[in-house]
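The values are calculated or read from the model by the stated rules, or taken from the named source; none is laboratory data. None of the values given here were measured: they were computed from a predicted structure. Every residue, glycine among them, receives a Cβ derived from its backbone with ideal geometry; neighbour counts consider all protein chains shown. The accessibility values were calculated without ligands, DNA or RNA, using every heavy atom of the protein model including side chains. Shrake-Rupley method; radii C 1.70, N 1.55, O 1.52, S 1.80 Å.
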There are 2 protein chains.
Amino acid sequence: MPVPFVRHSEVDILIIGAGPAGLMCANALANARVNVRIVDQRASKLTTGQGDGISPRTIEVLQSYGLAERLLRESCQVHLAAFYNPSSTGGIELTNRTSNVTAPSARYPFEVALHQGAIEDIFLDSMTSLGVEVERSTIPTSIELSKDENELTDPTSYPVRVALQRLDKSEDEPREEEIVHAKFVVGGDGAHSWIRKQFDITMDGEQSDFIWGVVDMVPDTDFPDVRNKSLIHSNHGSSLLIPRENDHIRIYIQLEDKDVINPVTGRVDKQKMSPEQILATAQKSLEPYKLIQKDEILWWTIYSIGQRVASKFSIKNRVFIAGDACHTHSPKAGQGMNASMNDGHNLAWKIALVIRGWADMSLLSTYESERRKFALDLIAFDKMWSTLFSGKPLTEQNSDGVSPEHFLETFQTDFTSGIGIHYHPSVAVNDRNQELASGLVLGKRVPPHKFMRAADACPFELQDLLPSDFLFKLLIFTGEFSDPLQQARVESMVMDMQKPGSFLNRYATPSNSRFDIITIIKGQKERFDFLRLPTLLRSHWSKVFIDDTDATGSFGGEGYSYYGVGSEGALVAVRPDGYVGAITPLDHVGGLNAYFAAFMKILA
Amino acid sequence: MPVPFVRHSEVDILIIGAGPAGLMCANALANARVNVRIVDQRASKLTTGQGDGISPRTIEVLQSYGLAERLLRESCQVHLAAFYNPSSTGGIELTNRTSNVTAPSARYPFEVALHQGAIEDIFLDSMTSLGVEVERSTIPTSIELSKDENELTDPTSYPVRVALQRLDKSEDEPREEEIVHAKFVVGGDGAHSWIRKQFDITMDGEQSDFIWGVVDMVPDTDFPDVRNKSLIHSNHGSSLLIPRENDHIRIYIQLEDKDVINPVTGRVDKQKMSPEQILATAQKSLEPYKLIQKDEILWWTIYSIGQRVASKFSIKNRVFIAGDACHTHSPKAGQGMNASMNDGHNLAWKIALVIRGWADMSLLSTYESERRKFALDLIAFDKMWSTLFSGKPLTEQNSDGVSPEHFLETFQTDFTSGIGIHYHPSVAVNDRNQELASGLVLGKRVPPHKFMRAADACPFELQDLLPSDFLFKLLIFTGEFSDPLQQARVESMVMDMQKPGSFLNRYATPSNSRFDIITIIKGQKERFDFLRLPTLLRSHWSKVFIDDTDATGSFGGEGYSYYGVGSEGALVAVRPDGYVGAITPLDHVGGLNAYFAAFMKILA
């Protein structure tokens, strides 16, 4: 056997695992032009099955990276949810049809379904265009984190040492081992995370009692809601039907323990079950409707999921875990891929800013505080939801069964849409002056609204002015600039911002700013002359917006009122991930100075 | 000199000239998978200058070919028009700002500006993906049309003979001449059309008295409407400012005869003028505002345009002319490229259907009757508009000058949007039963409206269900299917359509239909079960739509009322180019049989 050759290399960030969490993170960092590598043990990319629901908030996030257009083109939109319950004549009947998404501020008021392989392709193609490829058939064999406190606190050091091994070399080829010295490592390596195990991070929680089967197929059916999300409680078990791209559907079916548990091991045994048996169970729960597969069953599995959250999401802010590596739960609330991608989205900008030297290492602590809190909320919701879903229907015989009303009510929260995610106060989320912009909630994402560009009355969605480009956005709500008193306040604010000690000057970089100034005035497009604004507020003609309807009067306007901003205006700092970070009055630029001083660094 | 080698070839359609008319036609025919070639004398594609305004209707047409998304991404949208007139203190002042597009039914209520080279690229890339390339540096040297009536009336014959010569061969290379035998030839070869001259087609009309200069530049300016369309009447001449992509603007400036007419020849002489002189004239008309060019002037020209229309648009329905070859007019109504592209759009499906053997040659006569009528209307509008634009402003000294009110009123017609185009009754446009669908005007394009897909409540724009795919669309407005009487009428209509002699059976092709059936029901998405419809009305689950709001109640609904369709329903045949062809009541399928019998052919 040839002697292994050891090669050493350095990288800013090494990501282990090219699933939704790892890919979201890698693509974001590639966009930030940060030096990133991503490895995966699989020899080729995923082509089918697995998680496939994208929530309204995740679509917004993908849009912020310019990826939603393709997602919407390729995927299947799910607008309605249909609820079926036992009928008095046996079988099931329609109880209710309702909007599938109940979050009123959702920009995309629907979920989309697309198989995970196609979603991963969207990231992979974007990364390729940015010069980053997944290194496949590659596994980490050891990981070590320096114990030297000086090294750990110096953001320019490489304190993580990971040995990588290629799995696709034949016995005869010289074995090449690579030792990667990384500033940061992200483990997006799934529910059985190797990284998590190396650092003895425990998973807190428990296994659920319910066992489910899943099949993907093209159906021949007379079930009227085959193209809607259908939530079915029957006297023959519960099932969940989700429409998919290309006329496919996916069905989740509750299975009986005796049919799937191996009596010797006490564990779920896939050998005991076949896709035909799963389908037969589904057919029973859907009676009197027919459900026949047109061709073969495309994919299937069975599972009983644990509802667990990792005890920590990071080791010394140098090694992070994300996605299934830090939370596992049932797929029925449609959150698996969404939680994972949003972990990556939350983490990427923080690492990028630290690597650029713009932010202090302390910013990285907010990854765990924000995302672990979310994961705990998710597990709590998932437990409640799974129990209701798997519960027997309320009948005369079963008086503590699940009532259709209670089930519907639980469905209609805005938790599953992702829109409700609310990060608590931290170094990155201020907790003052909420009353100045009650519709821009500190720690929540900026809700969508349309404004007109002042120079040309071209309508813009505000969310599209907040791309994930690693800049902080300053939304400057000037109020009525034509009111002389308000104009004076705006001009005074501009002077404050231009003072040497203000955050704008303090954190200025030689080539470009860390801030994108977006001015939103109150007024009428037919009357307002944007050239009257101080030049700081119009670095380019395209940076000034007006809270007015479009040229035909069909949409837009009332944005101040929607965001709860009064005539006195407000300054709003939006984080690079689209979440509201700080709000101050126009005459207190110092509030923003303090917000940024808490985590921003002056370039060395 | 080497002896020329003569090669003979056959092609269904040969297009001469790869400008907007030729490219629209070639791309459409490539989409139809028809055997088409296109040649152009220029060695390379256009990269700058020339016509650049795309009207709302043309955007809709491009969308029907799947090309609008890219156009909208690359272009500059023009939403507002600003009107400036002489102020009492000298110089100009803002009189009015108004919507740039006044057609209330426009799907895209704005114009877009993009240089012609970029627009041509959109077509060229689409054609490349369909396997058709422009053959450049190639000119026709002779054209002959057969005089044999049998040959001329046989759609499978090749009665046009065109000799082509390559211009890019060196003296030493063997000269290769090609004789192309074509079923049809389209001349999109510009204002000085060679094709038109070969057939002695006269241009009727006259030269205008007004001479204009044009410059493209990136301005440094304090003019508030530099990003809107600005129509300026000043005491120093009129000018028109149009914003463009990449911060560019284009300015049209009226010039004085003495500055541009060569006294010897009496003709416009570009040598007498420089871009700096044109800009200086513009600067004068814009006073008191400053207009300074930031870098060099990107493109410029001067012109005095003739307002002329060709006496015929076709020779024996075998050779056609399109675009500038058949109409020339001023660019100030923004119609040049639009008229040309819509010529190509109107002609392509007619030729494609004849070549497929689906339509009789007589259908081709409607090209001239529809497009020449439009061209005459365009010239009439352009004369009025140019005169108003070039006219001196109304002042105390000049009491028969142009009043701002009159100018604005003329601006606010829906002619320039292209939405108003109305083809008169012909073999392709029926004139009966308009009252059954008063909002779907026979001979006009189908206005946009959103409907929900019945199976999944996914919203669709009806125009997106009418792509330029060479099929006739049958919009079946069933009315309230849940009303038993109406249900009986619908079922009876379906039986009529399935009779052996009905158009559906008469013109059925072995592999696929010439018709796309789109069913639009009245009802509520929460209640309606689309599986109750007869199968003819739901060839696929995606073909049934419901006139209701979207799942969140934000938009949609009231489509029956918008289209003027009553509770009794209606059958509407839409031509492949998106124009309404025929309307009948549900109980008179015979009306559609008669409409199609007038030009459709049974496959041999």
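Can you tell me which residue in the range A:431-478 is nearest to the chain's Cα centre (by Cα), limited to those that are on the phi > 0 side of the Ramachandran plot and more than 14 Å from chain B (Cβ to nearest Cβ)?
Looking at the filtered set, the residue picked out is A:Gly443.
If a residue counts only when it is closer than 20 Å to A:Val11 by Cβ, which strands (runs of 3 or more DSSP E) contained entirely in the range A:159-207 have at least 1 such residues?
Working: elements: A:160-166, A:176-187, A:203-207.
Filter on the range A:159-207 gives A:160-166, A:176-187.
From the residues in the range B:237-254 that are in contact with a helix residue (DSSP H, G or I) (Cβ under 9 Å, 6 or more places away or on another chain) and part of a loop (DSSP other than H, G, I, E, B), which one is farthest from the other protein chains (Cβ to nearest Cβ)?
Step one: list which residues in the range B:237-254 are in contact with a helix residue (DSSP H, G or I) (Cβ under 9 Å, 6 or more places away or on another chain), which gives B:237-241, B:245, B:247, B:251-254.
Applying the additional criterion that residues be part of a loop (DSSP other than H, G, I, E, B) yields B:245, B:247.
Numbers: B:Glu245: 12, B:Asp247: 8 Å.
For the range B:237-254, the residue satisfying everything is B:Glu245.
Right, B:Arg37: open to solvent by 60 Å² or more (accessible area, probe 1.4 Å) and either basic (Lys, Arg) or modelled with pLDDT of 95 or more (or both) or not? Break it down into steps so the answer makes sense when it comes.
Values: open to solvent by 60 Å² or more (accessible area, probe 1.4 Å): no; either basic (Lys, Arg) or modelled with pLDDT of 95 or more (or both): yes.
So B:Arg37 does not fit the description; no.
So the check is Cβ under 7 Å with 6+ separation or different chains; which pairs have a first residue in the range A:1-22 that's closer than 18 Å to A:Val160 by Cα and a second one that's modelled with pLDDT under 95 and part of a loop (DSSP other than H, G, I, E, B)?
Within 7 Å, the pairs are A:Gly17/A:Gly190.
Here is a list: B:His192, B:His233. Which entry is open to solvent by 40 Å² or more (accessible area, probe 1.4 Å) and more than 14 Å from chain A (Cβ to nearest Cβ)?
Working: B:His233 fails: open to solvent by 40 Å² or more (accessible area, probe 1.4 Å).
When all the criteria are applied, what remains is B:His192.
So that you can scan it fast, the table gives a plain yes or no per residue for (1) at pLDDT 95 or above; (2) assigned to a loop (DSSP other than H, G, I, E, B); (3) under 26 Å from B:Thr535 (Cα atoms):
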{"position": "B:Gly439", "(1), (2), (3)": "yes, yes, no"}
{"position": "B:Ala455", "(1), (2), (3)": "yes, yes, yes"}
{"position": "B:Phe460", "(1), (2), (3)": "yes, no, yes"}
{"position": "B:Asp464", "(1), (2), (3)": "yes, no, yes"}
{"position": "B:Phe477", "(1), (2), (3)": "yes, no, yes"}
{"position": "B:Gln487", "(1), (2), (3)": "yes, no, yes"}
{"position": "B:Met493", "(1), (2), (3)": "yes, no, yes"}
{"position": "B:Asn512", "(1), (2), (3)": "no, yes, yes"}
{"position": "B:Ile518", "(1), (2), (3)": "yes, no, yes"}
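Filter the range A:54-108 down to the residues that are touching a residue at least 40 places away in the same chain (Cβ under 8 Å), in a strand (DSSP E or B) and within 14 Å of chain B (Cβ to nearest Cβ) and list them by number.
Of everything in the range A:54-108, those that are touching a residue at least 40 places away in the same chain (Cβ under 8 Å), in a strand (DSSP E or B) and within 14 Å of chain B (Cβ to nearest Cβ) turn out to be A:Cys76, A:Val78, A:Leu80, A:Ala81, A:Ala82, A:Phe83, A:Tyr84, A:Leu94, A:Thr95, A:Asn96, A:Arg97, A:Thr98.
Within the range A:16-34, can you find the residues that are surrounded by 24 or more Cβ atoms within 10 Å (Cβ to Cβ) and aliphatic (A, V, I, L, M)?
If we filter the range A:16-34 for residues that are surrounded by 24 or more Cβ atoms within 10 Å (Cβ to Cβ), which is where we start, we get A:16-29.
Correct list: A:Ile16, A:Ala18, A:Ala21, A:Leu23, A:Met24, A:Ala26, A:Ala28, A:Leu29.
Name every residue in the range B:41-95 that is over 22 Å from the mean Cα position of the chain (by Cα) and open to solvent by 60 Å² or more (accessible area, probe 1.4 Å), in order of residue number.
B:Gln41, B:Arg42, B:Ala43, B:Ser44, B:Ser88, B:Thr89, B:Glu93, B:Leu94, B:Thr95
Mind checking which residues of the range A:525-548 are within 11 Å of another protein chain (Cβ to nearest Cβ), surrounded by 17 or more Cβ atoms within 10 Å (Cβ to Cβ) and of a type in the set (Lys, Arg)?
A:Lys525
Here is a list: B:Gly336, B:Gly344. Which entry is within 18 Å of the chain's Cα centre (by Cα), modelled with pLDDT under 95 and within 23 Å of B:Ala113 (Cα to Cα)?
Working: B:Gly344 fails: modelled with pLDDT under 95.
Matching residue, one of B:Gly336, B:Gly344: B:Gly336.
From the list A:Ser399, A:Ser386, A:Ser330, which one is modelled with pLDDT under 95, open to solvent by less than 40 Å² (accessible area, probe 1.4 Å), among the small types (Gly, Ala, Ser) and over 21 Å from the mean Cα position of the chain (by Cα)? Give the derivation first.
Details: A:Ser399 fails: open to solvent by less than 40 Å² (accessible area, probe 1.4 Å); A:Ser330 fails: over 21 Å from the mean Cα position of the chain (by Cα).
On inspection, the qualifying residue turns out to be A:Ser386.
Do you know which residues across the range A:424-465 are among the basic types (Lys, Arg), open to solvent by 40 Å² or more (accessible area, probe 1.4 Å) and farther than 29 Å from B:Ala82 by Cβ? Reasoning before the result, please.
Taking the range A:424-465 first, the residues among the basic types (Lys, Arg) are A:432, A:444-445, A:450, A:453.
Now narrow it down to the ones that are open to solvent by 40 Å² or more (accessible area, probe 1.4 Å): A:432, A:444, A:450.
Matches in the range A:424-465: A:Arg432, A:Lys444.
Please state which one of A:Ile520, A:Ile421, A:Ile476 is in contact with an Asp or Glu (Cβ under 7 Å, 6 or more places away or on another chain), of a type in the set (A, V, I, L, M) and open to solvent by less than 40 Å² (accessible area, probe 1.4 Å). Reasoning before the result, please.
Values: A:Ile421 fails: in contact with an Asp or Glu (Cβ under 7 Å, 6 or more places away or on another chain); A:Ile476 fails: in contact with an Asp or Glu (Cβ under 7 Å, 6 or more places away or on another chain).
None of the others qualify; the one that does is A:Ile520.
Return the residues of the range B:271-326 that are under 24 Å from the mean Cα position of the chain (by Cα) and hydrophobic (A, V, I, L, M, F, W, C); say none if nothing qualifies.
Correct list: B:Ile305, B:Val309, B:Ala310, B:Phe313, B:Ile315, B:Val319, B:Phe320, B:Ile321, B:Ala322, B:Ala325, B:Cys326.
Picking from A:Arg107, A:Arg37, which residue would you name as being charged (D, E, K, R) and either over 17 Å from the mean Cα position of the chain (by Cα) or not assigned by TED's automatic domain parsing to the domain that holds A:Pro243 (or both)? Even if it seems obvious, please write down each step before you answer.
Working: A:Arg107 fails: either over 17 Å from the mean Cα position of the chain (by Cα) or not assigned by TED's automatic domain parsing to the domain that holds A:Pro243 (or both).
Exactly one residue qualifies, and that residue is A:Arg37.
Out of curiosity, is B:Arg371 basic (Lys, Arg), open to solvent by 10 Å² or more (accessible area, probe 1.4 Å) and within 22 Å of B:Leu14 (Cβ to Cβ)?
Working: basic (Lys, Arg): yes; open to solvent by 10 Å² or more (accessible area, probe 1.4 Å): no; within 22 Å of B:Leu14 (Cβ to Cβ): yes.
So B:Arg371 fails the test.
Would you confirm whether or not the range B:210-227 contains a residue that is under 22 Å from B:Gly401 (Cβ atoms), more than 14 Å from chain A (Cβ to nearest Cβ) and surrounded by fewer than 23 Cβ atoms within 10 Å (Cβ to Cβ)?
Yes; the residues of the range B:210-227 include at least one that is under 22 Å from B:Gly401 (Cβ atoms), more than 14 Å from chain A (Cβ to nearest Cβ) and surrounded by fewer than 23 Cβ atoms within 10 Å (Cβ to Cβ).
Conditions: (1) over 30 Å from B:Arg356 (Cα atoms); (2) surrounded by 17 or more Cβ atoms within 10 Å (Cβ to Cβ); (3) out of contact with any His (no Cβ under 9 Å at 6 or more places or on another chain). B:Ile119 meets all but one. Number of the miss?
(1)
Filtering the range A:549-560 down to residues that are more than 11 Å from chain B (Cβ to nearest Cβ) and not small (Gly, Ala, Ser), which residue is most open to solvent (accessible area, probe 1.4 Å)?
A:Glu558
For the range B:298-311, what are the residues that are among the hydroxyl-bearing types (Ser, Thr, Tyr), outside any strand (DSSP E or B) and surrounded by 15 or more Cβ atoms within 10 Å (Cβ to Cβ)?
First pass over the range B:298-311, keeping only residues among the hydroxyl-bearing types (Ser, Thr, Tyr): B:301, B:303-304, B:311.
Of the ones still in play, those that are also outside any strand (DSSP E or B) are B:304, B:311.
The one that is among the hydroxyl-bearing types (Ser, Thr, Tyr), outside any strand (DSSP E or B) and surrounded by 15 or more Cβ atoms within 10 Å (Cβ to Cβ): B:Ser304.
Only one of these conditions is not met by B:Val574: (1) open to solvent by 10 Å² or more (accessible area, probe 1.4 Å); (2) in contact with a Leu (Cβ under 9 Å, 6 or more places away or on another chain); (3) of a type in the set (A, V, I, L, M, F, W, C). Which number is it?
Just one mismatch for B:Val574, condition (1).
For the range A:577-604, name all the residues that are among the β-branched types (Val, Ile, Thr) and open to solvent by 10 Å² or more (accessible area, probe 1.4 Å).
Scanning the range A:577-604 gives a single hit, A:Ile602.
What residue, of B:Asp377, B:Asp295, B:Asp360, is surrounded by fewer than 19 Cβ atoms within 10 Å (Cβ to Cβ), in contact with a Phe, Trp or Tyr (Cβ under 6 Å, 6 or more places away or on another chain), over 22 Å from B:Ser238 (Cβ atoms) and of a type in the set (D, E, K, R)?
Details: B:Asp377 fails: in contact with a Phe, Trp or Tyr (Cβ under 6 Å, 6 or more places away or on another chain); B:Asp295 fails: in contact with a Phe, Trp or Tyr (Cβ under 6 Å, 6 or more places away or on another chain).
One residue alone meets the criteria, B:Asp360.
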